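Undergrad: My questions will all concern the structure given below.
The values are calculated or read from the model by the stated rules, or taken from the named source; none is laboratory data. Note that the structure is a prediction, hence the values are computed from the model and not measured. Methodologically, a virtual Cβ is constructed for each residue, glycine included, from the backbone with ideal geometry; neighbour enumeration extends over all protein chains shown. Surface accessibility is based on the protein's heavy atoms, side chains included, excluding ligands, DNA and RNA. Shrake-Rupley method; radii C 1.70, N 1.55, O 1.52, S 1.80 Å.
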Amino acid sequence: MDPKNAKKRITELSDQLNHHSYRYYVLDEPEISDSKYDRLYRELQHLEEQFPQLVTPDSPTQRVGAPPLAAFVSLTHAVPMLSLDNAFGNDELREFDNRIKRLLNRTKDIEYVVEPKIDGVAVELVYENGLFALGSTRGDGFVGENVTLNLKTIKSIPIRLLTNETTVPERLDVRGEVYYPNSGFVKMNKEREAKGEPIYANPRNTAAGTLRQLDSKITAARPLNIFIHSFGQAVGHEFSSHSEALETFKAWGFRVNSHITVCRNIEEVIKGCEKIVALRDSLDYDIDGAVIKVNSMALQTQAGMRTRSPRWATALKFEAKQETTQILDIVPQVGRTGALTPVAHLKPVKIAGVEVRRATLHNQDEIDRKDVRIGDWVVVQRAGDVIPEVVKVIISKRTSAAKKFKIPKKCPICGSHVLRMKGEAVHRCQNFSCPAQLKERIQHFASKGAMDIEGLGEKLVEQLVEKKLVKNVADFYSLTKEQLAGLERMAEKSAQNIIEALEASKNTDLSRLLYAFGIRFVGEHVSRVLAKEFETFENLKKASKECLQDVYEIGPQVAESVYQFFKEVHNLETIDRLLKSGVRIKKVESATDNKFANQTFVFTGALQLFTRDEAERLVERWGGRAASAVSRNTTFVVVGQNAGSKAEKARDLNVTVLTEAEFKKMLE
Ligand code: IVH
């Protein structure tokens, strides 16, 4: 393409992508599929790579990719960011209304706007001639930190204002609240807990921490979002009311909360606040109150400011989501991944309308850090849909009867040994067949990269476990066609198919079986490394931690995990039973030609001709090694589509880069 046409196409793509981003992230009403969006995005990326001089600051590709900062720079707000005065209860709201009337010398009803008070992080976004120029945190209200690059990664923040409705001001400073969605927060903490990483305390602090990352790539990987609720200045634009300002912000492409109402008088305000309270638990963000603002801009100006807060607004604070109660007992609960979570059983207490009887204590470190004991009086908190948690102990109420708690050494469900790996916060039951973990384990055991038992869907596994037909993965191989056909939604033909799939799965190799056990840190690649090195279960059972760690690519964490797996007698029994049921382990075919001996391959980007797993198996089949990171020891880096930093690193280190086709040729 010539530069003239490229420029035209780049503008077209940029406009289209910005429009679709707005439909998706702000309106939640996408017009095109994700894959169509990705195709347009890739086309733009590709053109911009060819014509870097044509990259514009409002290109959607510019949301990420800036190098990490050394530190944040201070930024002074053109108009200070004030805070809000508080009102507690309806009487204080009526007092606020009377105060406003006195101040404005009016007896007539005042029109107000009622909004949820978002419990997030206050930020200011500056637009110069419609283009997002600067973004900062509130700081002390006068000076904040320049977090522009991080704010750019939030997809609901327009990079350029939409202008189809009105002209945009020369300069616009809007303000809003950045938040971490509760759903994303719960998901992230679950993942962190499963990985043994410390969990985050609450969505608000996590949003603040995410916004203050020096590397904007980290911010980009997290689902931050924003609501715009006010403004500092709009040079060259007049608003007659706050509600008109919010409507205009929406038209310019900003995300404005949908639960905002205009009220004709203070009694309507009170009803509006009640509606917001009722919504509280159903929202994907935390709110800690309602904000009430005089709607007319002229009246706002007339009412004026105090030093730190406007006279024309107030915040109705909601009932705290914290209460105090007593811990009756602490009980370890075994989760689907074998993690033991200590749960506090509480004297029942109502927290913001919901009765709470249990609260999580997360893990032993958290118990020790907060020094929580059985019998203690504690502060318990609910936040959104997050499981209630113990915040702190009220030490002054502790009696000598308070008892310390330690996670048991044996699993409360199956009696197997419980272990905490170095560097992890979580204790885990080491028994692969522990009933608490069974469904999840079975599903993994049967999956494609593992034993590849076709037809074992989630519903079927559920029935097999609930009817106690499978208590251990080895039980699969004694299932009969009649037993299967007796299950819900299971015709004779499908039962027969499953029996055949089970039979076929018996012919396997060591790496698949190892992977099927779902040993922590042992994915498909590590399974193959172990199988290649040790060849039999007997050798693996005998291997010491040191011996495991001597293997190339096996670090101390993997070595510890494998060692512990083979130390648990329940696991050894399962292996014996599997072998007795006819599971046969093929010896890994040794290639006749070791043409890749001493060569290390790294695959990166989206491969088109092979799956990543197939490609790695092929390399190993010819005596080579597949690794995940590029280093000086890498012989070849094979790049698929959209290869990123690994391909770059290969070039930096002078490692030969191959296309998939070139790699395929080497195999022939
Ligand atoms: S209006 C002076 N509207 O609450 C006017 N603020 O406690 C203040 N906040 O710093 C801005 N939701 O960051 C406004 N709907 C909302 C809000 C809101 C949350 C924050 C804001 C402010 C703090 C004051």
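Undergrad: Filtering segment 366-390 down to residues that are over 30 Å from Gln437 (Cβ atoms) and not acidic (Asp, Glu), which residue is modelled with the lowest pLDDT?
TA: The extreme case among them is Val379.
Undergrad: Still on this structure: Kindly list the number of the only condition in (1) surrounded by 14 or more Cβ atoms within 10 Å (Cβ to Cβ); (2) within 16 Å of the ligand (Cβ to nearest atom) that fails for Thr307.
TA: Condition (1) is where Thr307 drops out.
Undergrad: Checking the condition closer than 30 Å to Glu43 by Cβ, touching a residue at least 40 places away in the same chain (Cβ under 8 Å) and open to solvent by 40 Å² or more (accessible area, probe 1.4 Å), which residue from Lys649, Lys587, Lys664 passes?
TA: The conditions single out Lys664.
Undergrad: Being in a loop (DSSP other than H, G, I, E, B), open to solvent by 50 Å² or more (accessible area, probe 1.4 Å) and not aromatic (Phe, Trp, Tyr), is that true of even one residue in segment 171-192?
TA: Checked segment 171-192: no residue is in a loop (DSSP other than H, G, I, E, B), open to solvent by 50 Å² or more (accessible area, probe 1.4 Å) and not aromatic (Phe, Trp, Tyr).
Undergrad: Any residue in segment 252-262 that is under 19 Å from Glu170 (Cα atoms), at pLDDT 95 or above and either within 16 Å of the ligand (Cβ to nearest atom) or surrounded by fewer than 20 Cβ atoms within 10 Å (Cβ to Cβ) (or both)?
TA: yes
Undergrad: Conditions first: (1) assigned to a strand (DSSP E or B); (2) of a type in the set (Lys, Arg); (3) more than 25 Å from the chain's Cα centre (by Cα). Lys406 passes all but one, so which condition is the exception?
TA: Condition not satisfied by Lys406: (1).
Undergrad: Somewhere in segment 361-368, is a residue without any contact (Cβ under 8 Å) to a residue 24 or more places away in the chain, open to solvent by 20 Å² or more (accessible area, probe 1.4 Å) and more than 14 Å from Val393 (Cβ to Cβ)?
TA: Within segment 361-368, none of the residues are without any contact (Cβ under 8 Å) to a residue 24 or more places away in the chain, open to solvent by 20 Å² or more (accessible area, probe 1.4 Å) and more than 14 Å from Val393 (Cβ to Cβ).
Undergrad: Looking only at strands (runs of 3 or more DSSP E) that lie completely in segment 309-363, which have at least 2 residues being over 30 Å from Ile260 (Cα atoms)?
TA: On the way: elements: 313-317, 322-334, 339-351, 354-360.
Filter on segment 309-363 gives 322-334, 339-351, 354-360.
Undergrad: Another question, if that's okay. Looking at Gln213, Gln322 in this structure, which one is more than 13 Å from the ligand (Cβ to nearest atom), open to solvent by 70 Å² or more (accessible area, probe 1.4 Å), over 23 Å from Thr163 (Cβ atoms) and touching a residue at least 60 places away in the same chain (Cβ under 8 Å)?
TA: Answer to the selection: Gln322.
Undergrad: Here's something else I'd like to know. Suppose the filter is in a helix (DSSP H, G or I), more than 16 Å from the ligand (Cβ to nearest atom) and modelled with pLDDT of 95 or more; does Ala278 pass it?
TA: no
Undergrad: Scan segment 225-248 for residues that are more than 14 Å from the ligand (Cβ to nearest atom) and among the β-branched types (Val, Ile, Thr) and jot them down.
TA: Val235, Thr248
Undergrad: Is it the case, given these coordinates, that Ala401 is within 23 Å of Gly523 (Cα to Cα), part of a loop (DSSP other than H, G, I, E, B) and touching a Gly at 6+ places or on another chain (Cβ under 9 Å)?
TA: Working: within 23 Å of Gly523 (Cα to Cα): no; part of a loop (DSSP other than H, G, I, E, B): yes; touching a Gly at 6+ places or on another chain (Cβ under 9 Å): yes.
So Ala401 fails the test.
Undergrad: Out of the residues in segment 281-302 meeting the condition of being within 12 Å of the ligand (Cβ to nearest atom) and outside any strand (DSSP E or B), tell me which one is modelled with the highest pLDDT.
TA: For segment 281-302, the residue satisfying everything is Gln300.
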